[in-house]
Amino acid sequence: MTPERAGLGLVWRLGTATTLTVMSFAMVSPVLAVLLQQRGYGTTVIGAFSMLAFLLIGVLIPVVPRVIGRLGVVRTYRTGAALELVGVVGYALGDSLAAWSAAEVLVGIGAALLWNATEALLAQEAPPKMRGRVMGLYQTALGAALALGPFLPVLLRLQARAALWLAAAAVAVCLVIALLVRSKSTPPAAQAHASAWEALRAVPWLTALAFAGGVFEAGLSAIEAAHASSLGLDLRSAATVAGAIGVGSFLVQYPAGWSADHMPVRRVFGGAAVALALASVAVGFAGSAHWLLWACGLVFGGAGGALYTVAIVQVAHAYAGRATAGGAAAVITGYTWGGTLGPLVSGVALQAGGLPAFAGVLTVLAVATLVAAGKAGTVRGAQRAAHPT
């Protein structure tokens, strides 16, 4: 087997494992949000709880490249998967906000390790001419997981506790896959990894776009599910609102990756920003037209996911021929801070001013995203040379 095929094989194995973990997260997040809502907690508390894992990821991602440099990609991934498993088992065993919060902390630490490991490996191993399509396929799998996860309680007729144990089983399979893969022969100490802070300074607009992607794709699922529950939907139906975000992500990821290989990046980013602005305005009318929760969720997931996917592709081009863990960490940091602050800010807005305030906050962010999209062409690298902006 050629080194290129061996590298891609490792990417797809760990990518499959990550997909299982994302599916479990997508199922757990709305289930816990609805359980908290049923216990009388408001959307501000639910939003604060939902931000915990992303808060840990955002804080830790800048140092993960150093961990990868010391342990190597596969060992870093295994450590993250083990922590994720302990955390998800904690969800299933716990029955209080405090217990679930402690589990959420472990999940966040584990996610920081395996997320950066997977993205860095993909950026390193994907052939440059088809990097967007490879990333698009990988993100499509993640989108499918995001879409399927919230629907599993409905499809399998699961109560909350059974859904949490199913999530634990999925993460256990992820860990088994990681334990069975073979590491590449490159010693960890020989792998150079750029500083995440240096990368943040080098690609600030891509980081900003990833932040917006994190808010719309990852930061709204729990809040929208909790809001749907407050409108009278049962747990299973409310969870499908979050599922709509995952469906949108699933449908758009490969087209976004293909576009990154063939079109000017400003056009791709700009189109996503305009779609987010229109959906942000429309969601303000969901109080009288509940179907807009699902329709806008499709757009939030699709356009938000596209922002992240194309940003990672651009970083891979900008760091072509050099270590990519730092560059990937910069974009992941932006995305995770979006996922961290999104539930809190949107939860506060929804509780304080209802859907109009919620829609207003999202619209302002979408407009800011459009401005950042106009600056994205400043990133230097192979992609800019191929598609001047």
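The values are calculated or read from the model by the stated rules, or taken from the named source; none is laboratory data. Since we're looking at a predicted model, the values are computed, not measured. Cβ: placed from backbone, ideal geometry, glycine included. Neighbour counts: every protein chain shown. For accessibility, only protein heavy atoms count, side chains too; no ligands or nucleic acids. Shrake-Rupley method; radii C 1.70, N 1.55, O 1.52, S 1.80 Å.
Taken as a whole, the structure leaves SER96 outside the set of residues that are surrounded by fewer than 18 Cβ atoms within 10 Å (Cβ to Cβ), within 22 Å of GLY219 (Cβ to Cβ) and free of Cβ contacts under 8 Å to residues at least 60 places away in the same chain. Of all residues in segment 37-58, those satisfying the criterion of being over 16 Å from LEU114 (Cβ atoms) and surrounded by fewer than 22 Cβ atoms within 10 Å (Cβ to Cβ) are GLN38, ARG39, GLY40, TYR41, GLY42, THR44, VAL45, ALA48, LEU52, LEU55. Taking the criterion of being open to solvent by 30 Å² or more (accessible area, probe 1.4 Å) and under 12 Å from the mean Cα position of the chain (by Cα), the only residue of segment 115-140 that qualifies is TRP115. The set of residues from segment 354-389 being open to solvent by less than 50 Å² (accessible area, probe 1.4 Å) and at pLDDT 90 or above comprises ALA357, PHE358, ALA359, GLY360, LEU362, THR363, LEU365, ALA366, THR369, ALA372, ALA373.
Given the structure, is VAL22 in a helix (DSSP H, G or I), over 24 Å from GLY136 (Cβ atoms) and aliphatic (A, V, I, L, M)? No: the conditions fail for VAL22. Every residue in segment 282-310 that is open to solvent by 20 Å² or more (accessible area, probe 1.4 Å) and touching a Cys at 6+ places or on another chain (Cβ under 7 Å), please. If the condition is that a residue be open to solvent by 20 Å² or more (accessible area, probe 1.4 Å) and touching a Cys at 6+ places or on another chain (Cβ under 7 Å), then ALA282 is the only one that fits. Total residues in segment 183-218 satisfying the condition of being assigned to a helix (DSSP H, G or I), modelled with pLDDT under 85 and charged (D, E, K, R): the figure is 2. Of ALA222, ALA210, all but one fail to be touching a Leu at 6+ places or on another chain (Cβ under 7 Å), at negative phi and aliphatic (A, V, I, L, M); the exception is ALA210. A single member of ALA226, ALA279 is open to solvent by less than 10 Å² (accessible area, probe 1.4 Å) and under 19 Å from PRO153 (Cα atoms), and it is ALA226.
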